[in-house]
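Written out below as structure tokens is the structure these notes cover.
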Amino acid sequence: MKKTPKPKAKYDVCVVGGAGHVGAPLSIVLASKGCRTLIHDISRPALAALSAGRLPFLEDGGEPMLREVLAAGTLGFSPSPADIAGIPHIILTVGTPVDEFHNPVVRALTDCIDALLPYLSDDQTLILRSTVFPGVTDFLDGYLKARGKRPLIAFCPERVVQGKAIKEIQSLVQMVSGTTPAAEEAAAKLFGKIAKKIVRMKPMEAEFAKLFCNAYRYVQFAVANQFFMLADSAGLDYARIRAGLMEDYPRMRDLPGAGFAAGPCLFKDTLQLVAFSENKFNLAVSAVQVNEGMTAYIVARLREKYPLRKTTVGLLGMAFKAESDDARSSLSYKLSKQLALHAKAVLCTDPFVTGDRTLLSAAEVVRRSDVLVLCTPHAAYATLNLKGKPVLDIWNFLKK
Ligand SMILES: NC(=O)c1ccc[n+]([C@@H]2O[C@H](COP(=O)([O-])OP(=O)(O)OC[C@H]3O[C@@H](n4cnc5c(N)ncnc54)[C@H](O)[C@@H]3O)[C@@H](O)[C@H]2O)c1
């Protein structure tokens, strides 16, 4: 008897966790290239915002492109795992945190896979895009096989800078790997539609490569922050020393300025490598001590200089980096908690962060504070009237 052909899926690709910081820009770019894309996410408010043409967070060029793909009808939304059934490519972009003891939480992925399991079939390609602990792609392959499922499995990590994803997804080289040549090929074909260039690796190489990128940046920031603390404790200005040593000296062009190195990726991805090394990646452990120690250093300097019990301290910027609304793992909050033990009051402001009812306007924080700390160098602070109040500016932003 002749086999009835399978009906063609309504979508070419489904992005699971597609309403998040990594998933949403990827979905929008895929849809803009004509790939019929379904966003599946458990956050109904984020799905509602996206389907109304609004991004739940700041992303350069994201909203105009979102509205274009909505008008073109190439982007759809679903809160239901059942809707992944029959879609040829499933891309996972859910969060992959470390727990309170700094161990990678692989359950974040297996819980997600468990929900998708009844609707997964062997003719689909499952592409892992979340940043994972080395070996997790092969682990997931085994996890699915043990449950009777044999989709193709690929790992294609995201390396964009948050906030510039729309541009960088299309301009950066995409690392592609698969547990089989067929999986690698299927993923390369899909990412070939959006990325400038593809580089092929084995899954564990690509997993290490992504973690190396983040850990390297994190260690670089730690070097700069350590230099800052050394110079500052000697009564010297690190920014001046840095400017001098970089002048027409190409070998030092990568030396960062001082600042808070935080956010949802660099810290936890460095810790994933520490966990993999059985805690022997001492350079990374030292980097964590330095970068996370910046807040304690600031508290100590403020305590030396001001009678903190009688001093109101204002924190300018609560997002983890400039021009972002993302306060996840922001050191501004760590500083605020540490200062609360010593200062008369701690007042916080940020032009972009939403959902924190304790935040005040910048003008009110400046007016009510005795001393200010520039935590996040948002451009708006360059022209803020600081009313002559003293500012601790580790970024050297206001002088610039
Ligand atoms: N943020 C970045 O700039 C960045 C860059 C590169 C890589 N990464 C990696 O990408 C991954 C995601 O990070 P993010 O910042 O986009 O996180 P996020 O929290 O912004 O997004 C995750 C999304 O997944 C959804 N979700 C969670 N569980 C789900 C489930 N079971 N089914 C469907 N949806 C689910 C959430 O509602 C959320 O919208 C992490 O592994 C991270 O390390 C992030």
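Given H placed 1.01 Å from N in the peptide plane, which residues other than close sequence neighbours of CYS14 have an amide H under 5 Å from its amide H?
LEU38, HIS89, ILE90, ILE91
So what is the relative contact order for the range 127-245, in percent, with contacts set as C-alpha pairs under 8 Å and at least six apart?
In percent, rounded to a whole number, it is 24.
Compute the distance in nm between two label points, each set 7 Å from the Cα along the Cα-to-Cβ direction, one at ARG357 and one at PHE101.
Distance between label points: 3.5 nm.
Treating only the Cβ atoms of Lys and Arg (+1) and Asp and Glu (-1) as charged, compute the dipole magnitude of the range 235-392 about its Cα centre; round to the nearest 20 debye. Please report the intermediate quantities before stating the final value.
Working: 21 positive and 15 negative charges, 143 e Å.
Dipole magnitude for the range 235-392 comes out near 680 debye.
On full extension of the chain, what length is gained from ALA379 through SER277, given 0.36 nm per residue of separation minus the C-alpha to C-alpha distance?
Roughly 32.8 nm would be gained on extension.
Regarding the range 281-360, what whole-number volume in Å³ per residue does the convex hull of its Cα atoms give?
Working: hull volume 8.1 nm³, N = 80.
Taking only Cα atoms, the range 281-360 has a hull volume of 102 Å³ per residue.
Could you check how much of the accessible area of the chain is carbon and sulfur, as a whole percent, using a 1.4 Å probe? Numbers along the way, then the final one.
Working: 10920 of 19270 Å².
Within the chain, the accessible surface is 57 percent carbon and sulfur.
Could you give the spread of the C-alpha atoms of the chain along their three principal axes, from largest to smallest, in whole angstroms?
88, 45, 42
Given a 1.4 angstrom probe, what's the average accessible area per residue across the range 240-357, in square angstrom? Don't jump to the answer; show the numbers that get you there.
Numbers: 6050 Å² over 118 residues.
That works out to 51 Å² for each residue.
Between ALA296 and GLN220, what is 0.36 nm times their sequence separation minus the Cα-Cα distance? Round to one decimal in nm. Mind dumping the intermediate values first?
Working: separation 76, 0.36 × 76 = 27.36 nm, distance 1.98 nm.
Working it through step by step, the gained length comes to 25.4 nm.
Just to be sure I understand: of the beta bridges DSSP finds with both ends in the chain, what percent are antiparallel, rounded to 5?
Of all bridge pairs located within the chain, approximately 10 percent are antiparallel.
Quick one: which residues, 5 or more positions from LEU392 or on another chain, have an amide H under 5 Å from its amide H? H modelled 1.01 Å from N in the peptide plane, none for Pro or chain starts.
Here LEU372, VAL373, LEU374 satisfy the definition.
Give a residue-ordered list of calculated ³J(HN,Hα) values for the range 76-88 (Karplus: 6.51 cos²θ - 1.76 cosθ + 1.60, θ = phi - 60°; whole Hz; x for Gly, Pro).
x, 9, 7, x, 9, x, 4, 6, 7, 4, x, 7, x
Test of the criteria: in the range 155-246, which trypsin sites (Lys or Arg not before Pro) are in a DSSP loop and have at most 12 other Cβ atoms within 10 angstrom of their Cβ?
Here the sparse-neighbourhood loop sites are LYS196.
Pairs to check: LYS10/LYS197; LYS149/LYS196; LYS305/LYS334. Give those whose C-alpha atoms are more than 25 Å from each other in this structure.
Checking Cα-Cα distances, LYS10/LYS197; LYS149/LYS196 exceed 25 Å.
If you wrap a convex hull around the C-alpha atoms of the range 235-392 and split its volume per residue, what is the figure in Å³?
Roughly 147 Å³ of hull volume per residue.
Output the pairs from LYS33/LYS400; LYS310/LYS400; LYS33/LYS164; LYS268/LYS387 with a Cα-Cα distance over 29 Å in this structure; if there are none, say none.
Result: LYS33/LYS400; LYS310/LYS400; LYS268/LYS387 exceed 29 Å.
The range 263-350: which trypsin sites (Lys or Arg not before Pro) are DSSP loop and have at most 15 other beta-carbon atoms within 10 angstrom?
On the way: sites: LYS268, LYS280, ARG301, ARG303, LYS305, ARG309, LYS310, LYS321, ARG328, LYS334, LYS337, LYS344; in loops: LYS280, LYS321, ARG328, LYS344.
Those satisfying the criteria are LYS280, LYS344.
May I ask you to list the residues of the range 296-316 whose amide nitrogen lies under 16 Å from a point 7 Å from Cα along the Cα→beta-carbon direction of LYS344?
303, 305-315
Run the helix sum for the chain: -39,500 (n - 2.57) per DSSP H stretch of 4+ residues, divided by residue count, reported at 222 nm to the nearest 500 deg cm²/dmol.
It lands at -12500 deg cm²/dmol.
Counting Lys and Arg as +1 and Asp and Glu as -1, each charge on the Cβ, what is the dipole of the range 107-228 about the Cα centre in debye, to the nearest 20?
Roughly 380 debye, rounded to the nearest 20.
Using the scaling law 2.2 N^0.38 Å as the reference, what is the normalised Cα Rg of the range 114-262?
Normalised Rg, Cα atoms only: 1.40.
Could you work out the longest stretch of the chain that avoids the GluC sites (Glu not before Pro) located in DSSP loops with at most 13 other Cβ atoms within 10 Å?
Working: sites that count: GLU100, GLU247, GLU278.
It works out to 101-246.
Can you give the direction-averaged projected area of the convex hull of the alpha-carbon atoms in the range 263-304, in nm²?
Mean projected area of the Cα convex hull: 3.2 nm².
So if I take the alpha carbon set of the range 13-201, get Rg, then get Rh from the Kirkwood formula, what is the Rg over Rh ratio?
Details: Rg = 15.5 Å, Rh = 16.5 Å.
Across the range 13-201, the Cα-based Rg/Rh ratio is 0.94.
If the reach is capped at under 19 angstrom between alpha carbons, list the aspartates and glutamates near LYS399, excluding any in the same chain fewer than eight residues apart.
ASP232, ASP237, GLU247, GLU323
Which cross-chain or sequence-distant (5 or more) residues have an amide H under 5 Å from the amide H of LEU360, H modelled 1.01 Å from N in plane?
Amide H to amide H, under 5 Å and 5 or more residues apart or across chains, LEU360 pairs with CYS348, THR349, ASP350.
If you place +1 on the Cβ of every Lys and Arg, -1 on the Cβ of every Asp and Glu, and leave all else neutral, what size is the dipole of the chain about its Cα centre, to the nearest 20 Debye?
Dipole magnitude for the chain comes out near 380 debye.
The values are calculated or read from the model by the stated rules, or taken from the named source; none is laboratory data. On a predicted model such as this, the values are computed, not experimentally measured, just so you know. Positions of Cβ are backbone-derived with ideal geometry, glycine not excepted, and every protein chain shown enters the neighbour counts. The accessibility values were calculated without ligands, DNA or RNA, using every heavy atom of the protein model including side chains. Shrake-Rupley method; radii C 1.70, N 1.55, O 1.52, S 1.80 Å.
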